[in-house]
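**Student:** One structure, pasted below without further comment.
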Amino acid sequence: MRLQFVVSEVVSGLRRNTTMVVAVVLVTFVSLTFVGSAALLQAQIGKLKDDWYDLVEVSVFLCPTSSLAPTCAAGEATDEQIEALQAVIGTELSGEVQQVYVESKEDAFADFEERYPDGYQGTQLTAEDMQASLRLKLADPGQYGVVSDVLSGRAGVEVVEDQRAIFDPLFLALNRATLLSAGLAAVMLLAAVLLITTTIRLSAVSRRKETEIMRLVGASNLFVQLPFLLEGALAAVAGSVLASGGLWLAVRFLVTDWLEQSVSWVAYVSEADVLAIAPLLMVVAVGLAAIASFFTLNRYTRI
Amino acid sequence: MIRFQNVSKVYARGARPALDDVSVDVERGEFVFLVGASGSGKSTFLSLVLREQRPSRGHVYVAGRDVANLSAWRVPSLRRQLGVVFQDFRLLQNKTVYENVAFALQVIGKPRHVIRDTVPEVLEMVGLNGKEKRMPTELSGGEQQRAAIARAIVNRPQILLADEPTGNLDPTTSLGIMRLLDRINRTGTTVVMATHDDEIVNEMRRRVVELRTGEIVRDEARGVYGERERILPDVGRSPVLDAPGSGTRVVPARLVPQPERRLLPDRQPLADRQPLERRPAGPAFGEA
């Protein structure tokens, strides 16, 4: 009886307030789309980091023949210096460094030729123009600082470089996009809360007679307020479902069907990621409705 | 059943109290008329019983509970022991008579079979059988008030509060409503009725509590309404009733002198006469 009654009250409330309910659905839809976009951007950043940080290494560039670095005053790095460096890596950095790969000038030239078979900007280079380096694969890419501290300034080392720095501008851009998206989401969420508040208030006013009778015959607070709570929550959840659907379509057509086909070497967010954040969006939606109800119901349907 | 102990109610700081140090006891099964001019505190009295307001000072006990200190979540259980009837009926216009009465049970979570059994029984008792499917707009004023009374008593409350239940009705219809309230009272329900209807009060000869500017000025066991000039000084002798929100209002039916009009053929108080329908007094009407 209770359930049936509450359901029928909710349905009649939704029907009576159709335009407002549609407005709530749309506003939560848009705001949660921004929330979801921010989450997806962060997921994308995570994927890129996972993917690329595995590939990138710390390069310890060894002194070439002519270098202005003080550690290279003695000229090109000698085999002894390289062995000494490897020994240091093997002892002091045994925990941080997973793998050491020595890239000789010849190796570097081979790589270079592969990349630029016709020479670089018209100049023909030889192996002598290349720079030898030690490529270190770190157990934890975050430990770059320790490795750099230990190796920088040693004889034969010109410079220690973290290749991750290459990606910093990209991640910065993605993070800023996340911030923008989150900022817009915050504004839209505020609008959604205000709109849900207004909707519940309208609904409460239009059913004032009912709630007054309910209070007088001794209906419990929860019973009086539940239909309003559910109306707000239902509209918000509908918005979140739309947002999840919208994001799913966006990822499907923009990322999976287009980006992934055109730029295939990058790991992208997938529809599965959208499904993973969908429950989160729903929780946010219910949270919005709860906040709005909290501020409204005590005022308009008080016992 | 209802006990006011030195109760005062001040709505706004510095304003004249709506109730001023009122002490009164209403026993179980009593029928009490609350009379007084508009603003004398009748409505405040009823809203304190209902715990729509809390007293500024003093204690209000209703059905054994200290209403002033009742926590909010216990208010519904208090109200389930009270029934309320208003001058303007307050029926839900989009529901049928049956649905209006059933609503009172639905919202307190009564099972469907209880509703199915109780509602027709109550509608029959108030004389609305056959009109279950009518909408309130399809009923006369008296019938609407009967539906409102049915809604108020369907949960078998211990106390029935009536705020000018005959205020919108013509004399004949009012008589019918009073007969109904009397019958409900005879089943053991305590009835407190705020009214301006002097003829009804004079005919019924029940306990009369008169309020004036928030104080009890009279409490008679078998009272009469008293002189209009004194109770309603602004209105005077002319039979004029006030309506909520509109100050005073002329009721055309009362302007016609009706010297022979009586509620009952003799001057005996209603309570001393044959009951309108002989029913043994019991704890609740449905069990008779």
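**Student:** Is one or more of the residues making up the range B:20-43 of a type in the set (Ser, Thr, Tyr), touching a residue at least 24 places away in the same chain (Cβ under 8 Å), away from every other protein chain (no Cβ under 14 Å) and crowded, with 22+ Cβ neighbours inside 10 Å?
**Tutor:** Among the residues of the range B:20-43, at least one is of a type in the set (Ser, Thr, Tyr), touching a residue at least 24 places away in the same chain (Cβ under 8 Å), away from every other protein chain (no Cβ under 14 Å) and crowded, with 22+ Cβ neighbours inside 10 Å, which makes the answer yes.
**Student:** Another question about this same structure. If we scan the range A:165-182, do we find a residue that is buried (at least 16 other Cβ atoms within 10 Å of the Cβ), modelled with pLDDT of 85 or more and in contact with a Phe, Trp or Tyr (Cβ under 9 Å, 6 or more places away or on another chain)?
**Tutor:** yes
**Student:** Related question: Taking the range A:118-134 on its own, how many of its residues are part of a strand (DSSP E or B) and either of a type in the set (Val, Ile, Thr) or more than 15 Å from residue A:77 (Cβ to Cβ) (or both)?
**Tutor:** First, the residues of the range A:118-134 that are part of a strand (DSSP E or B): A:120, A:123, A:133-134.
Narrowing the set further to residues that are either of a type in the set (Val, Ile, Thr) or more than 15 Å from residue A:77 (Cβ to Cβ) (or both) leaves A:120, A:123.
Total meeting the criteria: 2.
**Student:** Here is a follow-up. Answer yes or no: is there a residue in the range A:121-132 that is β-branched (Val, Ile, Thr) and in contact (Cβ under 8 Å) with a residue 40 or more places away in the chain. Can you show your working first?
**Tutor:** Step one: of the range A:121-132, the residues β-branched (Val, Ile, Thr) are A:123, A:126.
Checking the rest, the ones that are also in contact (Cβ under 8 Å) with a residue 40 or more places away in the chain come to none.
Within the range A:121-132 (the criterion being β-branched (Val, Ile, Thr) and in contact (Cβ under 8 Å) with a residue 40 or more places away in the chain), the answer is no, since none of the residues qualifies.
**Student:** Please find, among B:213, B:195, the residue that is in contact with an Asp or Glu (Cβ under 7 Å, 6 or more places away or on another chain) and within 22 Å of residue B:225 (Cβ to Cβ). Write out each step before concluding.
**Tutor:** Details: B:213 fails: in contact with an Asp or Glu (Cβ under 7 Å, 6 or more places away or on another chain).
That would be B:195, the only listed residue that is in contact with an Asp or Glu (Cβ under 7 Å, 6 or more places away or on another chain) and within 22 Å of residue B:225 (Cβ to Cβ).
**Student:** Next up: Grab the helices (runs of 4 or more DSSP H) fully contained in the range A:1-117, keeping just those with 1 or more residues being within 14 Å of chain B (Cβ to nearest Cβ) and touching a residue at least 60 places away in the same chain (Cβ under 8 Å). If you could, list the steps in order and put the result at the bottom.
**Tutor:** Numbers: elements: A:2-16, A:18-55, A:79-91, A:105-115.
The helices (runs of 4 or more DSSP H) meeting that bar are A:2-16.
**Student:** Let me ask something else. Would you check if residue A:119 is under 19 Å from residue A:146 (Cβ atoms), surrounded by fewer than 18 Cβ atoms within 10 Å (Cβ to Cβ) and assigned by TED's automatic domain parsing to the domain that holds residue A:66?
**Tutor:** Values: under 19 Å from residue A:146 (Cβ atoms): no; surrounded by fewer than 18 Cβ atoms within 10 Å (Cβ to Cβ): yes; assigned by TED's automatic domain parsing to the domain that holds residue A:66: yes.
It is false that residue A:119 is under 19 Å from residue A:146 (Cβ atoms), surrounded by fewer than 18 Cβ atoms within 10 Å (Cβ to Cβ) and assigned by TED's automatic domain parsing to the domain that holds residue A:66.
**Student:** For the range A:164-251, give me every one of the helices (runs of 4 or more DSSP H) that falls completely inside it and has 1 or more residues that are without any contact (Cβ under 8 Å) to a residue 24 or more places away in the chain and away from chain B (no Cβ under 14 Å). I'd like the intermediate steps shown before the answer.
**Tutor:** Numbers: elements: A:168-206, A:208-216, A:221-250.
Answer list for the range A:164-251: A:168-206, A:221-250.
**Student:** If you don't mind, another one. Please specify each residue of the range A:1-21 satisfying the condition of being surrounded by 14 or more Cβ atoms within 10 Å (Cβ to Cβ) and either of a type outside the set (Val, Ile, Thr) or over 24 Å from residue B:113 (Cα atoms) (or both).
**Tutor:** A:1, A:2, A:5, A:9, A:12, A:13, A:14, A:16, A:17, A:20, A:21
**Student:** Has the range B:27-45 got any residue that is under 24 Å from residue A:222 (Cβ atoms) and among the basic types (Lys, Arg)? Spell out how you get there, then give the answer.
**Tutor:** From the range B:27-45, those under 24 Å from residue A:222 (Cβ atoms) are none; that's our starting set.
Scanning the range B:27-45, I find no residue that is under 24 Å from residue A:222 (Cβ atoms) and among the basic types (Lys, Arg), so the answer is no.
**Student:** Give the residue that is modelled with the highest pLDDT, with candidates limited to residues of the range A:114-157 that are acidic (Asp, Glu) and under 37 Å from the mean Cα position of the chain (by Cα). Steps first, please.
**Tutor:** So in the range A:114-157, the residues acidic (Asp, Glu) come out as A:114, A:118, A:128-129, A:140, A:149.
Pick out the ones that are also under 37 Å from the mean Cα position of the chain (by Cα) and you get A:114, A:140, A:149.
Working: A:114: 79, A:140: 79, A:149: 85.
The extreme case among them is A:149.
**Student:** Related question: Can we say residue A:228 is closer than 29 Å to residue B:92 by Cα and either aliphatic (A, V, I, L, M) or not assigned by TED's automatic domain parsing to the domain that holds residue A:136 (or both)? If you could, list the steps in order and put the result at the bottom.
**Tutor:** On the way: closer than 29 Å to residue B:92 by Cα: yes; either aliphatic (A, V, I, L, M) or not assigned by TED's automatic domain parsing to the domain that holds residue A:136 (or both): yes.
For residue A:228, the condition - closer than 29 Å to residue B:92 by Cα and either aliphatic (A, V, I, L, M) or not assigned by TED's automatic domain parsing to the domain that holds residue A:136 (or both) - is met.
**Student:** So which residues in the range A:168-202 are within 27 Å of residue A:294 (Cβ to Cβ) and β-branched (Val, Ile, Thr)?
**Tutor:** Listed by number, the residues that qualify are A:187, A:193, A:196, A:197, A:198, A:199, A:200.
**Student:** Can you name the residue in the range B:128-151 that is crowded, with 23+ Cβ neighbours inside 10 Å and in contact (Cβ under 8 Å) with a residue 40 or more places away in the chain and is also nearest to residue B:79 (Cα to Cα) among such residues? Lay out the reasoning, then the answer.
**Tutor:** Restricting attention to the range B:128-151, the residues satisfying the condition of being crowded, with 23+ Cβ neighbours inside 10 Å are B:144-151.
Narrowing the set further to residues that are in contact (Cβ under 8 Å) with a residue 40 or more places away in the chain leaves B:144-145, B:147-151.
On the way: B:144: 22, B:145: 20, B:147: 19, B:148: 16, B:149: 15, B:150: 16, B:151: 13 Å.
Filtering the range B:128-151 for residues that are crowded, with 23+ Cβ neighbours inside 10 Å and in contact (Cβ under 8 Å) with a residue 40 or more places away in the chain, the one nearest to residue B:79 (Cα to Cα) comes out as B:151.
**Student:** Can you work out which of the residues in the range B:203-242 that are β-branched (Val, Ile, Thr) and modelled with pLDDT of 75 or more is farthest from residue B:192 (Cα to Cα)? Give the derivation first.
**Tutor:** Going residue by residue through the range B:203-242, those that are β-branched (Val, Ile, Thr) are B:208-209, B:213, B:216-217, B:224, B:231, B:235, B:240.
So of that shortlist, the ones also modelled with pLDDT of 75 or more come out as B:208-209, B:213, B:216-217, B:224.
Working: B:208: 10, B:209: 10, B:213: 19, B:216: 15, B:217: 17, B:224: 15 Å.
Here the residue is B:213.
**Student:** Considering only residues of the range A:252-275 that are in contact (Cβ under 8 Å) with a residue 12 or more places away in the chain and assigned to a helix (DSSP H, G or I), which is surrounded by the most Cβ atoms within 10 Å (Cβ to Cβ)? Walk me through how you get there before you give the answer.
**Tutor:** Within the range A:252-275, the first condition is being in contact (Cβ under 8 Å) with a residue 12 or more places away in the chain, and the residues that meet it are A:252, A:255-256, A:266-271, A:273-275.
Pick out the ones that are also assigned to a helix (DSSP H, G or I) and you get A:252, A:255-256, A:271, A:273-275.
Working: A:252: 14, A:255: 19, A:256: 14, A:271: 14, A:273: 21, A:274: 25, A:275: 13.
Among residues in the range A:252-275 that are in contact (Cβ under 8 Å) with a residue 12 or more places away in the chain and assigned to a helix (DSSP H, G or I), the one surrounded by the most Cβ atoms within 10 Å (Cβ to Cβ) is A:274.
**Student:** Being of a type in the set (Val, Ile, Thr), within 12 Å of another protein chain (Cβ to nearest Cβ) and not in a loop (DSSP other than H, G, I, E, B) is the filter here; which residues of the range B:128-158 pass it? Write out each step before concluding.
**Tutor:** Of the range B:128-158, the ones of a type in the set (Val, Ile, Thr) are B:137, B:149, B:153-154.
Filter again for within 12 Å of another protein chain (Cβ to nearest Cβ), leaving B:153-154.
Matches in the range B:128-158: B:153 only.
**Student:** Can you find, within the range B:159-174, the residue that is nearest to residue B:46 (Cα to Cα) among those that are small (Gly, Ala, Ser) and more than 14 Å from every other protein chain (Cβ to nearest Cβ)? Before the answer, list the steps.
**Tutor:** From the range B:159-174, those small (Gly, Ala, Ser) are B:162, B:167, B:174; that's our starting set.
Remaining after also requiring more than 14 Å from every other protein chain (Cβ to nearest Cβ): B:167, B:174.
Working: B:167: 16, B:174: 21 Å.
Among those that are small (Gly, Ala, Ser) and more than 14 Å from every other protein chain (Cβ to nearest Cβ), it is B:167.
**Student:** Just checking, how many residues over the range A:26-58 are farther than 16 Å from residue A:268 by Cβ and modelled with pLDDT of 85 or more?
**Tutor:** Count: 11.
The values are calculated or read from the model by the stated rules, or taken from the named source; none is laboratory data. Everything numeric in this text was worked out from a predicted model, so none of it was measured. Cβ: placed from backbone, ideal geometry, glycine included. Neighbour counts: every protein chain shown.
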